[in-house]
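Engineer: Have a look at this one before I ask anything.
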């Protein structure tokens, strides 16, 4: 197995793991965490498949750097929304609990 | 690096990701996530993608971690910790099966990928025309400059979105709380010791970025970290969000980039650099972008205004 294949498969594993976390843990911060894990999994698949003979293709590299920054932009907005949600009283983050009460 | 190291690293990455996603305590999960980001940076290093490793360590692990810890603090300060529910076991079983299927299909697709040469040789053959030694910088600011321009604008848009969450009456105010620390404490000492080193590292990264690993995004992040540290240590305060100087710092990178792009329209297409002057133009854009990215990231971490502005 080449390192390229190994890391690409790890990326696939991260995507699956991240999706599982996204579905089963509904806390807002966990959702943002899961989004970031899925994102880095996608980047790893993309970058590792462009790895050939000890060099990683610079085009995916540049696009991944762009992707990291875009993921950060979304995370920053999500974090600010979570903070504002908390400041406004928010209440429980579990919609089922709210229905019951 | 040896395959044994790679296998161990991949196992560690998957394990730490599982702890971050599914671990018991939310704060512990955040700590695991930061470790995860650093491990991913190591993976990129092992793949010889040093520029991506730098970006991942600085942005993916560092800034994202700080942002999420900030959100966690806000949740914590307002109420008793919100419940951190785990889905019903039936949901977990079906989600597990579905995600296994998705992971399996992805793995099959990866194994079925035809080996290709990619664009490595094309980039290396043509980057000489831009007089750049770093292929990734050549792609970011030369061949795919359009993406990079839009990316710098996405960052600005994120900041506008964050600012749009400003509580009523506080617009024009100062982001974040005023931090106070013990003057002889650890935080205050680190706040004095690290920013100068960060400043040098940041300037080095953008200076070296044209020929060696580094560049505007990595440099901007390190510069932003130096500023955030000084603020956390209570040595500096955030500026008012309406400050003209601040606005200029935010805009100079994307504005210069757009201007060059528009001028380039006269040389045969949007973002076509004037022949013979590619390198100075690219360097000017990089330096301006590093400054704007640093300012934008620092303010993204600070969040929307929380206090009324002072001297007005």
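The values are calculated or read from the model by the stated rules, or taken from the named source; none is laboratory data. Nothing here was measured: the structure is a model prediction, and the numbers come from that model. We place every Cβ from the backbone using ideal geometry, glycine too, and count neighbours over all the protein chains shown.
Engineer: Given the condition touching a residue at least 40 places away in the same chain (Cβ under 8 Å) and part of a loop (DSSP other than H, G, I, E, B), answer yes or no: does some residue in the stretch B:138-146 qualify? Don't jump to the end; show me each part of the working.
Structural biologist: Initial filter on the stretch B:138-146 (touching a residue at least 40 places away in the same chain (Cβ under 8 Å)): B:140-142, B:145-146.
Those left that are additionally part of a loop (DSSP other than H, G, I, E, B): none.
Scanning the stretch B:138-146 turns up no residue that is touching a residue at least 40 places away in the same chain (Cβ under 8 Å) and part of a loop (DSSP other than H, G, I, E, B).
Engineer: Here is a follow-up. Examine the stretch B:219-239 for a residue that is at positive phi and touching a residue at least 60 places away in the same chain (Cβ under 8 Å), and state whether such a residue exists.
Structural biologist: no
Engineer: Looking only at residues in the stretch B:139-160 that are within 7 Å of chain A (Cβ to nearest Cβ) and over 17 Å from the mean Cα position of the chain (by Cα), which one is nearest to residue B:283 (Cα to Cα)?
Structural biologist: Out of the qualifying residues, it is B:139.
Engineer: Can you tell me which residues in the stretch A:51-73 are touching a residue at least 24 places away in the same chain (Cβ under 8 Å) and facing chain B (nearest Cβ under 7 Å)?
Structural biologist: Here is the first cut: in the stretch A:51-73, the residues touching a residue at least 24 places away in the same chain (Cβ under 8 Å) are A:51-52, A:67-68, A:71.
Answer for the stretch A:51-73, where residues must be touching a residue at least 24 places away in the same chain (Cβ under 8 Å) and facing chain B (nearest Cβ under 7 Å): A:51, A:52, A:68.
Engineer: Moving on. Would you point out the residue of the stretch B:38-48, among those that are in contact (Cβ under 8 Å) with a residue 24 or more places away in the chain and within 8 Å of chain A (Cβ to nearest Cβ), that is nearest to residue B:63 (Cα to Cα)?
Structural biologist: B:40
Engineer: Would you confirm, using the coordinates I've provided, whether residue B:264 is free of Cβ contacts under 8 Å to residues at least 12 places away in the same chain, under 27 Å from residue B:211 (Cα atoms) and in a helix (DSSP H, G or I)?
Structural biologist: On the way: free of Cβ contacts under 8 Å to residues at least 12 places away in the same chain: yes; under 27 Å from residue B:211 (Cα atoms): yes; in a helix (DSSP H, G or I): yes.
Answer is yes for this residue.
Engineer: Oh, and also: Please verify whether the stretch B:68-89 includes one or more residues that are more than 7 Å from every other protein chain (Cβ to nearest Cβ), touching a residue at least 12 places away in the same chain (Cβ under 8 Å), under 30 Å from residue A:89 (Cβ atoms) and touching a helix residue (DSSP H, G or I) at 6+ places or on another chain (Cβ under 8 Å).
Structural biologist: Within the stretch B:68-89, one or more residues are more than 7 Å from every other protein chain (Cβ to nearest Cβ), touching a residue at least 12 places away in the same chain (Cβ under 8 Å), under 30 Å from residue A:89 (Cβ atoms) and touching a helix residue (DSSP H, G or I) at 6+ places or on another chain (Cβ under 8 Å).
Engineer: Right, another one. Would you point out which residue out of A:41, A:13, A:47, A:21 is closer than 19 Å to residue B:55 by Cβ, facing chain B (nearest Cβ under 7 Å) and in a helix (DSSP H, G or I)? Show your work before the answer.
Structural biologist: Working: A:41 fails: facing chain B (nearest Cβ under 7 Å); A:13 fails: closer than 19 Å to residue B:55 by Cβ; A:21 fails: closer than 19 Å to residue B:55 by Cβ.
So the residue among A:41, A:13, A:47, A:21 that is closer than 19 Å to residue B:55 by Cβ, facing chain B (nearest Cβ under 7 Å) and in a helix (DSSP H, G or I) is A:47.
Engineer: Of the residues B:98, B:128, only one is facing another protein chain (nearest Cβ under 8 Å), out of contact with any strand residue (DSSP E or B) (no Cβ under 8 Å at 6 or more places or on another chain) and not in a loop (DSSP other than H, G, I, E, B); which? Steps first, answer last, please.
Structural biologist: On the way: B:128 fails: facing another protein chain (nearest Cβ under 8 Å).
Residue meeting the stated conditions: B:98.
Engineer: Going by the conditions given, is residue A:34 modelled with pLDDT under 95, touching a helix residue (DSSP H, G or I) at 6+ places or on another chain (Cβ under 7 Å), within 7 Å of chain B (Cβ to nearest Cβ) and assigned to a helix (DSSP H, G or I)?
Structural biologist: Values: modelled with pLDDT under 95: no; touching a helix residue (DSSP H, G or I) at 6+ places or on another chain (Cβ under 7 Å): yes; within 7 Å of chain B (Cβ to nearest Cβ): yes; assigned to a helix (DSSP H, G or I): yes.
No.
Engineer: Quick one: is residue B:215 crowded, with 19+ Cβ neighbours inside 10 Å, at positive phi and within 19 Å of the chain's Cα centre (by Cα)? Working first, answer last.
Structural biologist: Numbers: crowded, with 19+ Cβ neighbours inside 10 Å: yes; at positive phi: yes; within 19 Å of the chain's Cα centre (by Cα): yes.
Criteria met by residue B:215.
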